[in-house]
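Notes follow the structure.
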Amino acid sequence: MTLANRITMGRMGLSLAIFALILSQTFWTEIAALFLLTVASISDGIDGAIARRTKTTTSFGAIADPFADKLLVMAVFLAFASIKELSVPLWAVFLILLRELTISTLRVLAALHGDVMKAEAAGKIKTTIQLITAFTIMVLLVLIVWARKHGLPAPLTEIVSQAKPISWWLTVVTAFFTLISGAIYLYNHRALLYKSWSERGRQP
């Protein structure tokens, strides 16, 4: 396995750790989750750069890298939706998951036809928006957990008091852009979908 692919696999493992840490809801576990989220986000750019620089790009990496991104996003938003001090709507998280699963299925279809669906600009922008939202809500959660026992200065107290509407709107806007990027992917690869449906229709 190439170094880039190992980094990608490591990001998948970090996603599960971040999920568990967020749900623990102690100050230091939230700090650890924020740190690991930072590491995972940075690794997203590192693995691709290493693969290109060392000329070790692989079909596995082209599929696993975006899948690792999806796993990270799903783990973080599902954890956020489970925390009562936040107001991350499950329906918006469901739409995000639906888009990610749909595009993952499209990648599998492409692989079955001998093609590799590489990341597109719309997908990269979508991932950036998702990570910005995740970081913002993660920082809010750190402040919320700290405020439970120690309190906060007035400006931060005001921010924490708005945690529910902030997290709600951020997630909804993120879901909107996620769906838009999914629609762009489906449109750009409509020929693949048509080919798959046509072959399925010819099966006895």
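Any read-out appearing in this document is the output of simple, stated calculations on the displayed coordinates, not a laboratory observation. As the structure is a computational prediction, the values presented were derived from the model and not from experiment. Cβ: placed from backbone, ideal geometry, glycine included. Neighbour counts: every protein chain shown.
Here are a few things to note about the model shown:
- Annotation for the range 8-25: at least one member residue is farther than 28 Å from residue 166 by Cα, in a helix (DSSP H, G or I) and touching a residue at least 60 places away in the same chain (Cβ under 8 Å).
- Some residue of the range 110-117 being surrounded by fewer than 15 Cβ atoms within 10 Å (Cβ to Cβ), within 13 Å of the chain's Cα centre (by Cα) and either touching a residue at least 40 places away in the same chain (Cβ under 8 Å) or more than 15 Å from residue 76 (Cα to Cα) (or both): no
- Screening residue 49 against (1) surrounded by fewer than 19 Cβ atoms within 10 Å (Cβ to Cβ); (2) of a type outside the set (D, E, K, R); (3) within 24 Å of residue 188 (Cβ to Cβ) leaves a single unmet condition, (3).
- Filtered residues of the range 19-42 (kept if under 13 Å from residue 68 (Cα atoms) and either buried (at least 19 other Cβ atoms within 10 Å of the Cβ) or in contact with a strand residue (DSSP E or B) (Cβ under 6 Å, 6 or more places away or on another chain) (or both)): 37, 40, 41
- Taking residues in the range 142-157 that are within 21 Å of residue 80 (Cβ to Cβ), and partners anywhere that are β-branched (Val, Ile, Thr) and in a helix (DSSP H, G or I), the pairs with Cβ atoms closer than 6 Å and at least 6 places apart or on different chains are 143/160; 144/160; 147/160.
- Selection count where residues are over 21 Å from residue 97 (Cβ atoms) and surrounded by 14 or more Cβ atoms within 10 Å (Cβ to Cβ), scope the range 160-194: 5
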